[in-house]
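What follows is one structure encoded as structure tokens, with my remarks underneath.
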Amino acid sequence: MNIRITEPAKNDLINGYTFYEKQDKGLGSYFLNSLFSDIDSLCVYASIHSIHFEKYHRLLSKRFPYAVYYTLHNKNVLVHAVLDCRRNPAWIKDRLE
């Protein structure tokens, strides 16, 4: 299974890194390592996650209050967004559309 991360999702990861790095030095790196580990797990567990907003599978991060929104195309995983679950659900829906 191939995993591709879109530019908006990469920006989400950078924003998360920046936020956590400001909280405590090194926490941003831990955030990225954790989220990339969660994303890598899609090689094995893609498609088992619940569907939200009609078409996106949602993987909840194990260590941070973040969700990875992705779609499947044949044997490819396309990560569309990596968003903070504490955001307003309406904002998340708008961001995905």
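Each label was represented as a point 7 Å from its Cα along the Cα-to-Cβ direction; for PHE36 and HIS73 these points are 2.4 nm apart.
For region 9-85, a crude dipole built from +1 on the beta carbon of Lys and Arg and -1 on the beta carbon of Asp and Glu, taken about the Cα centre, is about 80 debye to the nearest 20. Using R0 = 35 Å, the C-beta based FRET efficiency linking LEU60 and LYS25 works out to 0.85. Which angle between 0 and 90 degrees, to the nearest 10, do you get for helix 27-40 versus the longest principal axis of the chain when only C-alpha atoms count? It works out to around 10 degrees.
Of the listed values (1) 12.9, 40; (2) 17.5, 59; (3) 13.3, 37, grab the one calculated as Rg and Dmax of the Cα atoms in Å from the structure here. Read-out taken from this structure: (1).
Helix 7-23 and the longest principal axis of the C-alpha atoms of the chain enclose an angle of approximately 30°.
FYI, it's all coordinate maths here, none of it is from the lab. On a predicted model such as this, the values are computed, not experimentally measured, just so you know. As a convention, Cβ positions derive from the backbone with ideal geometry for all residues, glycine included, and neighbour counts pool all protein chains shown.
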